[in-house]
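Trainee: Take a look at this one; I'll ask things after.
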């Protein structure tokens, strides 16, 4: 069975859901020690004391745990992924797991991005927010956006009826009501927003200030770009995925099509995921192995997963 590993976008994570995994799992412990050395502080303690879902400690911990879960799943179930991919935030984990970036550089980049993005959105585009919503087919979405008649961009194509749209904050309530009237299901808002072409100056700043100090290498495992599904096999290709993610939308159905076209039938989703590994375009195309802290802390392997190895 041909396998790929996918790293999900980041969502809110309860400390209680990951604490035991981070302290007990050997892959997590090793990466946690690396993070402590890179950051110069105790990541576990910082995560425990964090009051924000997207604080520096929360974002680095999500990266660390995703990487640890991928390593654990590969070891536990004898997986040998032929491809690697990451949706949105997961792109950084994909770059590290593929071998294109060291864990140290991936951790450092994640922490530095929090600082740069916080500074950027404190003075720029504070009136923009990203809204996610489901149960809205493409034709209906097109009609809604035509009525919006104001600046907007689709920031993420999650599935055939699941999207994220960035728009002005003062149009958010109208958008939510209009989607509901059309049978759609508005879910949550992301602030700061993401994957917007207007953020080109942020992309340039990240490349100038952060990427100059990173050592990208050709990946050992080819990486499928979350913007268009192309397969990247060079250091420059993986580097471009991370930078382009600032200004280009995520197109998850393209990732799915690319993996299928390359023979992938099993997808290991490594990390706490409530989205990309669960939508129909994923579950209808792959046998999904959901590598989560809860699964990793179970005392025995699940028989179904053992047979699939």
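Trainee: Considering only residues that are surrounded by fewer than 18 Cβ atoms within 10 Å (Cβ to Cβ) and under 13 Å from residue 61 (Cα atoms), which ones fall in segment 21-33?
Mentor: If the condition is that a residue be surrounded by fewer than 18 Cβ atoms within 10 Å (Cβ to Cβ) and under 13 Å from residue 61 (Cα atoms), then 23, 29, 30, 33 are the ones that fit.
Trainee: For residue 39, are the conditions met, namely being more than 15 Å from the chain's Cα centre (by Cα), outside the structural domain of residue 248 (by TED's automatic domain parsing), crowded, with 16+ Cβ neighbours inside 10 Å and farther than 29 Å from residue 289 by Cβ?
Mentor: Criteria not met by residue 39.
Trainee: A further question on this structure: Could you tell me whether any residue of segment 110-123 is closer than 23 Å to residue 243 by Cβ and either buried (at least 22 other Cβ atoms within 10 Å of the Cβ) or touching a strand residue (DSSP E or B) at 6+ places or on another chain (Cβ under 7 Å) (or both)?
Mentor: yes
Trainee: Next question. Can you name every residue in segment 190-205 that is modelled with pLDDT of 95 or more and touching a strand residue (DSSP E or B) at 6+ places or on another chain (Cβ under 6 Å)?
Mentor: 195, 196
Trainee: Take the residues of segment 129-155 that are in contact with a helix residue (DSSP H, G or I) (Cβ under 7 Å, 6 or more places away or on another chain) and in a strand (DSSP E or B): which is nearest to residue 279 (Cα to Cα)?
Mentor: Within segment 129-155, the match that is nearest to residue 279 (Cα to Cα) is 133.
Trainee: Here is a further query. When you go through 220, 231, 196 one by one, which is the residue that is within 30 Å of residue 103 (Cβ to Cβ), in contact with a helix residue (DSSP H, G or I) (Cβ under 7 Å, 6 or more places away or on another chain) and touching a residue at least 60 places away in the same chain (Cβ under 8 Å)?
Mentor: 231
Trainee: To continue, here is another question. Can you confirm whether residue 66 is in contact with a helix residue (DSSP H, G or I) (Cβ under 7 Å, 6 or more places away or on another chain) and in contact (Cβ under 8 Å) with a residue 60 or more places away in the chain?
Mentor: Against the criterion (in contact with a helix residue (DSSP H, G or I) (Cβ under 7 Å, 6 or more places away or on another chain) and in contact (Cβ under 8 Å) with a residue 60 or more places away in the chain), residue 66 qualifies.
Trainee: With segment 156-259 as the region, which helices (runs of 4 or more DSSP H) entirely inside it contain at least 2 residues that are assigned by TED's automatic domain parsing to the domain that holds residue 97?
Mentor: Output list reads 200-209, 235-244.
Trainee: Say whether the condition of being within 22 Å of the chain's Cα centre (by Cα) and surrounded by fewer than 18 Cβ atoms within 10 Å (Cβ to Cβ) is met by at least one residue in segment 141-150.
Mentor: There is no residue in segment 141-150 that is within 22 Å of the chain's Cα centre (by Cα) and surrounded by fewer than 18 Cβ atoms within 10 Å (Cβ to Cβ).
Trainee: Do you know which of the residues in segment 42-57 that are surrounded by 21 or more Cβ atoms within 10 Å (Cβ to Cβ) and either within 18 Å of the chain's Cα centre (by Cα) or touching a residue at least 60 places away in the same chain (Cβ under 8 Å) (or both) is farthest from residue 114 (Cα to Cα)?
Mentor: 57
The values are calculated or read from the model by the stated rules, or taken from the named source; none is laboratory data. Every value quoted in this text rests on a predicted model; they were computed, and no experiment measured them. Here Cβ is always computed from backbone atoms with ideal geometry, including for glycine, and neighbour counts include all displayed protein chains.
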